[in-house]
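Heads up, the thing below is written out as structure tokens.
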Amino acid sequence: MSNHFLEVQGLAKRYPNPGSEQDLTVFENANFGINKGEFVCIIGHSGCGKSTILNILAGLDEASDGAVIMNDKEVIGPSLDRGVVFQNYSLLPWRSTLKNITFAVQARWPNWSKEQVLEHSMKFLELVGLNGVEHRKPSQLSGGMRQRVSIARAFATQPQLLLMDEPFGALDALTRGLIQEELLKIWEETHQTVFMITHDVDEAILLSDRILLMTNGPHAQVAESVSVSIPRPRNRTDIIHHPAYYKIRNHLVDFLVNRSKELNDSAASDTTNKAVSYDIHPVVVDPAIDGNETEQQTQSKQAAI
Amino acid sequence: MIASQRFKATVLSVVMLLIFLGIWEGLNIAPTDTAPKSEYELLMGGASQEARVPPPSAVIKRAFEELSNPFYDAGPNDKGIGIQLGYSLYRVLTGFFFAALVALPIGFLVGMSPLMHKALDPFIQVLRPISPLAWMPLALFIIQDSEASAIFVIFICSIWPMLINTAFGVANVRQDWINVARTHELGSFKTALQVILPAAAPTILTGMRISIGIAWLVIVAAEMLVGGTGIGYYVWNEWNNLDLISVIFSILMIGIVGMMLDLALGRISRLVEYEE
């Protein structure tokens, strides 16, 4: 079981449902693992509980069932080992850009000298191309620059796992493309383990090694694990010409448009599915190899569950 | 554009002031008696029996005299305006300081802990609407010192806006920033100091600004009661002296000092403000 660096086992989140005896289940039976140095994206429709999964991994939220194990230790509460990049940047607006980063570096290494903290922080500001604006307040930066600060802050603490909650969701398409490439570049240098939420299929293919697909909520499940077998280093302009690109893309879009709902309906009607199970693992798919047969394959596997 | 509007506003203010002073001055010219004075009037020095509000020219003249020598001290009933204002300011700032010392920590506690909020709320709701002067007899009895009682009254009236605003500011710090503190493993003390305090500071300062305004309102009334020194006592003393010129002058001074207190806190709050 614990051959993965991060292991998510039978994770579920339920909320008390007013006016009904049964709790409202957002998602359940989430089982997946992440290897060291892997970049994993998770895609699903709004309300399937992606953000909740991320918050549980971060230790900011508690699961109703199941466990998260990182480095053979159960995740309880937030930790500097798991850095988070929030969708709305979450910079401290009364601190300058640089001070936002030193804040994190100081928290990570309390015994460092001032010079050490400053040098380390500047290094990561330069990494995201923000030297020159270090004394500006976040309110004086554009959305893209703010998100760069937020990314620099997360990378600067060198966490074992980096969690990103739709980091580019609030950015315009052009800025988004630029920052995606920057993130890709930083990732190639650091091989940081990343778990990221996105709504953008192209973004997921560009960045990740593996994409987890979630069915619709309530009673959402992590249904598939899609390998992105496109060699690195990748870049935005070349990747779309790779033969596997559209196979993967079509598979993802088909899942999101059609099967995310169908799978959810079939799971909901299946009453034996209610019990917590550690055995249900997402179907591993590689659209580049499997081609068209995946669809039937998945459905038969899902039916077996 | 903005500069010209500011200029226009200044001109308009001056014009309004001049019209107001002109009407005031015009209405208050003592009528010249045309009828021959009676024997009694002659005996009394021929003074008009009709008391009138003194005209602004007299007030300006008095202001000039008082302000050219504000710190003279010629006995308990004759001190310069500067000394009187100094006493009042000392009381307000002392009471305000102790109020901040109590209100800020309790405000933090109430803001951070929903349990403490629920537990303390009834007390706050009952104590807050009490007129600070109503505490005066009790304060005089317990403290047995009129000076300290006046400071206590300022203390009790300054507490509430600071406490309520601190609690509100602390309770409404954005969850995102708290999450940043949590993911960076900040302890509760560091979180309070590095995240909650700067985030809530503008709200806290607003509470302090309201408090000092109220304290300045209350000190005048409190000093009328306790007597001895202070601007409130000065107003009442001049009324007893039937010196309305000094009464009007001191009313103006109360307004100006109050405005300066507010400006000072406005300056401080600009230091802690931030733009999201």
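Identification of helices (runs of 4 or more DSSP H) wholly contained in segment B:139-239 with 2 or more residues that are hydrophobic (A, V, I, L, M, F, W, C) yields B:146-171, B:175-183, B:197-226. Just so you know, in segment A:215-263 the residues that are within 30 Å of A:Pro16 (Cα to Cα) and of a type in the set (Asp, Glu) include one that is modelled with the highest pLDDT, and it is A:Glu224.
Of the strands (runs of 3 or more DSSP E) contained entirely in segment A:37-92, those carrying at least 2 residues that are closer than 12 Å to A:Leu163 by Cα fall at A:39-43, A:82-85. Of all residues in segment B:165-188, those satisfying the criterion of being facing chain A (nearest Cβ under 8 Å) and either buried (at least 23 other Cβ atoms within 10 Å of the Cβ) or touching a Pro at 6+ places or on another chain (Cβ under 6 Å) (or both) are B:Val180, B:Arg182, B:Thr183, B:His184. The sole residue among A:Arg148, A:Arg153 that is in a helix (DSSP H, G or I), within 14 Å of chain B (Cβ to nearest Cβ), surrounded by 13 or more Cβ atoms within 10 Å (Cβ to Cβ) and not aromatic (Phe, Trp, Tyr) is A:Arg153. Here B:Arg128 meets the list (1) closer than 17 Å to B:Pro161 by Cβ; (2) exposed (fewer than 13 other Cβ atoms within 10 Å of the Cβ); (3) modelled with pLDDT under 95 almost entirely, failing just condition (2). Candidates B:Ile204, B:Ile214, B:Ile245, B:Ile210: the one that is among the β-branched types (Val, Ile, Thr), more than 15 Å from the chain's Cα centre (by Cα) and modelled with pLDDT of 95 or more is B:Ile204.
I'd like to check something: does segment A:107-120 contain any residue that is surrounded by fewer than 17 Cβ atoms within 10 Å (Cβ to Cβ) and within 14 Å of chain B (Cβ to nearest Cβ)? Checked segment A:107-120: at least one residue is surrounded by fewer than 17 Cβ atoms within 10 Å (Cβ to Cβ) and within 14 Å of chain B (Cβ to nearest Cβ). Scanning segment A:46-64 for residues that are away from chain B (no Cβ under 14 Å), at pLDDT 90 or above and surrounded by fewer than 19 Cβ atoms within 10 Å (Cβ to Cβ) turns up just one, A:Ser64. Within segment B:64-86, one or more residues are touching a Lys or Arg at 6+ places or on another chain (Cβ under 9 Å) and in a loop (DSSP other than H, G, I, E, B).
The values are calculated or read from the model by the stated rules, or taken from the named source; none is laboratory data. The structure presented is a predicted model; accordingly, all values stated were derived computationally and were not measured. Glycine gets a Cβ as well: all are built from the backbone with ideal geometry, and neighbour counts include every protein chain shown.
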